[in-house]
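Sharing a structure, written as structure tokens. Questions coming.
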Amino acid sequence: MLARIVRPTLNIQRLHSQSGRRYFWGWLNAVFNRVDYERIKDVGPDRAASEWLLRCGAKVRYKGFEKWQQDYNGLPTGPLGKYKIQGIDATDSCIMYKGFDYLDGLEHLEEVKLCKCIYIEDACLERISKIENLQKSLQRLEIITCGNVSDKGVISLNTLRNLQYLYLCDLPAIKQRDLTVDLLQKSNAALHIKLDLL
């Protein structure tokens, strides 16, 4: 009898503990994504975006370099504007919509990988598609296991006129695969789309 009373109490405590942890990490991730516009002015868009991305657990690759940078404390120093972000790998990162203002000033970004990003949603893809610099520079985009991405977000990518490769994998919210692909191909005949969707 006593064991029956104690066990539910432990479960309730565990539930509150998990809920509190989830709230804390959600709050912390929101803090990491807060945009510091003064920092962008002081160190330039590429450095400020690098700091944001690495703080959130993503990696960056700079133009002219093969190595991916993932250590926040190891960010390269040098004259402002020397290191231009060419690639972003946001696998398992906590980047979210509120931080996407950091992408506005990136002029050399050619590839982005969004893999297992729990905060990536249609609004994020719509935001990317409206950034003038990315409409010109972005060539490769991978969206993998992002459960909040639907047809609406993918279709919005039709404004990325220089996009050459789009990989879509494990996106259960995409319900009209053929129609979505058809709309993208009509807006960009040169776009190669690779699918791994159910």
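The values are calculated or read from the model by the stated rules, or taken from the named source; none is laboratory data. For clarity, every value in this text was computed on a predicted model and none was experimentally measured. Glycine also receives a Cβ, built like all others from the backbone with ideal geometry; neighbour counts cover every protein chain displayed. Calculation scope for accessible area: heavy atoms of the full protein, side chains included, ligands and nucleic acids excluded. Shrake-Rupley method; radii C 1.70, N 1.55, O 1.52, S 1.80 Å.
Nothing charged except the Cβ atoms of Lys and Arg (+1) and of Asp and Glu (-1): what's the magnitude of the dipole of the stretch 141-198 about its Cα centre? Round to the nearest 20 debye.
About 180 debye.
So, one more: Express as a percent, rounded to the nearest 5, the fraction of DSSP beta bridges in the stretch 29-180 (both residues included) that run antiparallel.
30 percent
Now, a different point. Determine how large the accessible area of R47 is when every protein chain is in place; take a 1.4 Å probe and give Å² rounded to the nearest 10.
R47 has an accessible surface of roughly 70 Å² with all protein chains in place.
For the chain, what is the accessible area per residue in Å², given a 1.4 Å probe and the full set of protein chains?
Per residue, the chain has 58 Å² of solvent-accessible surface.
Can you compute the FRET efficiency between N158 and Y37 using 1/(1 + (r/R0)^6), with r the Cβ-Cβ distance and R0 = 41 Å? Round to the nearest 0.05.
The value I calculate is 0.90.
Sort 145-151, 76-82, 131-137 by packing, meaning the average of other beta carbons within 10 Å per residue, with the highest value first.
145-151, 131-137, 76-82
So how compact is the chain: Cα radius of gyration and Dmax in angstrom?
19.6, 71
How much length is gained if the chain between A30 and W68 is pulled fully straight, taking 0.36 nm per residue apart and subtracting their Cα-Cα distance, in nm to one decimal?
Here the answer is 11.2 nm.
With all protein chains present and a 1.4 Å probe, how do K194, K84 order by accessible area, largest first?
K194, K84
A further question follows. Is there a quick way to get the dipole size of the stretch 65-159? I mean about its Cα centre, with the Cβ of Lys and Arg at +1 and of Asp and Glu at -1; what is the value in debye to the nearest 20?
Taking the Cα centre of the stretch 65-159 as origin, the dipole is about 120 debye.
While we're here: Taking all protein chains in place and a 1.4 Å probe, what share, in percent, of the accessible surface of the chain do carbon and sulfur account for?
Ligands and nucleic acids excluded, carbon and sulfur give 53 percent.
Here is a follow-up. Taking 0.36 nm per residue of separation and subtracting the Cα-Cα distance, what length does fully extending K116 through R177 add?
Extra length from K116 to R177 when fully extended: 20.0 nm.
Considering only protein heavy atoms, what is the solvent-accessible area of V43 at a probe of 1.4 Å, reported in Å² to the nearest 10?
20 Å²
Can you give me the distance in nm between label points at Y165 and H192, each placed 7 Å from the Cα along the Cα-to-Cβ direction?
That separation, rounded to one decimal, is 0.6 nm.
To the nearest 0.05, what FRET efficiency results for Q135 and T77 with a Förster distance of 30 Å applied to their C-beta separation?
About 0.45, to the nearest 0.05.
If the cut-off is 19 Å between C-alpha atoms, which lysines fall inside it for K130, apart from same-chain ones fewer than 8 positions away?
Hits, sequence-local ones excluded: K98, K113, K152, K186.
If you don't mind, there's one more thing I want to ask. Averaged over every viewing direction, what's the projected area of the C-alpha convex hull for the stretch 116-192? Give it in nm², one decimal, please.
4.4 nm²
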